[in-house]
1. At a 1.4 Å probe radius, which order do Lys11, Lys40 fall into by accessible area, largest first?
2. List residues of segment 115-148, by number, whose backbone nitrogen lies under 18 Å from a label position 7 Å along Cα→C-beta of Thr195.
3. With respect to the cross-link table entries Lys78/Lys196; Lys191/Lys218; Lys233/Lys281; Lys109/Lys173; Lys88/Lys139; Lys196/Lys259, which display a Cα-Cα separation exceeding 19 Å?
4. Taking a 1.4 Å probe, which of Phe131, Phe238 shows the most accessible area, and what order do the others take after it?
5. Can you sort Val284, Val81 by solvent-accessible area, 1.4 Å probe, largest first?
6. Take His208 and Ser50, extend 7 Å from each Cα along the Cα→Cβ direction, and tell me the distance between the two endpoints in nm.
7. With a Förster radius of 22 Å, plug the Cβ-Cβ distance of His278 and Glu176 into 1/(1 + (r/R0)^6) and report the FRET value to the nearest 0.05.
8. What's the extension gain from Val226 to Asp137 if we count 0.36 nm per residue and subtract their Cα-Cα distance?
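The values are calculated or read from the model by the stated rules, or taken from the named source; none is laboratory data. Since we're looking at a predicted model, the values are computed, not measured. Cβ atoms come from the backbone with ideal geometry, glycine included; neighbour counts cover every protein chain shown. Surface accessibility is based on the protein's heavy atoms, side chains included, excluding ligands, DNA and RNA. Shrake-Rupley method; radii C 1.70, N 1.55, O 1.52, S 1.80 Å.
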Amino acid sequence: MSFSFFKARPKTPQDVVRATKDSLSALDTATIVEVKALEKALEEVGRNFSTLRSMLCGDGESEPNTDQTLQLALELCKEDVIPLLVHKLHVFGWQARKDLVLCWSVLLKQQVDDKYCCVEYIENHLELLDFLIVCYDNKDAALTCGNMLRECIKFRTLAKYILESTTFELFFKYIELPNFDVASDAFSTFKDLLTKHCQEVAEYLTSHYNEFFDMYEKLLTSENYVTRRQSLKLLTDFLLEPPNSHIMKQYILEIRYLKVIMTLLKDSSKNIQLSAFHIFKVFVANPNKTHILNLSWQRIARSWWIFCAVFLLEKVLKMNNLKKRKK
């Protein structure tokens, strides 16, 4: 006997969004205080996120319905669910956060005509980006926030806001956090901000030159090897971008930064020495050195040639050793 007529009707995007909103709203202060109530509320959130993920990303057996996906995005904006997703994420369990990251990536790409509806919503609620950045202080939610931020940074308007916001400066703190995973994730987000949209970065560096490079110098002189190496490599990446040529010309005129690079040339790490060498070449090739900078060159010339000789000698010895091993 068939009982197919007892099958529940398929959930519509409106049903899923309404259920998701209700379950998120249930995570209020009173619920969080009671452990059993919190566990039950989080289970409901997890179920709704799983349904969202299936509708947005497919369930492995069938591809997502394009119309349904767009309708979900529009409903989430209409019902103001996006702020709840952001503000409550520190309470979610691991699986719920994983589902949220997948859903977030798809939602931001939903487009009506020439507008991305969820991106436009965030543009009208920019405080959500500030909240995501500050979440790096929460080690449990940090990696989720990092993934969500990097998805946002793909869009020029959102990246531009973060660059110009006061919370951007917090990245210089988060990159130095003792938790390696969080610090690495923060650096990945920081790198995207400085490399994804060259024109916006050039505008930011032009108007915030002194404060930015003051803070960046601390990264280059950090006691942490990973911080020094990553920051030096990133400096090369964004300084040599064509839109930043005027920033590079200003940078290589300053003795204080020359001294920083010279110090890095003497670092115990060969990788750092090599990265510093690439920037040092730009200082050397600068045809517009100031009188003071020229005097500095005369003082460092002798130690510089000694360094070059040792550096090249080590390279030759390594190559000879490799050839002997191959034989």
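1. Lys40, Lys11
2. Zone members listed by number: 146-148.
3. Over 19 Å Cα-Cα: Lys78/Lys196; Lys109/Lys173; Lys196/Lys259.
4. Numbers: Phe131 70, Phe238 0 Å².
Of Phe131, Phe238, the descending order of accessible area is Phe131, Phe238.
5. Greatest to least solvent exposure: Val284, Val81.
6. 4.2
7. 0.40
8. Here the segment from Val226 to Asp137 would lengthen by 30.0 nm.
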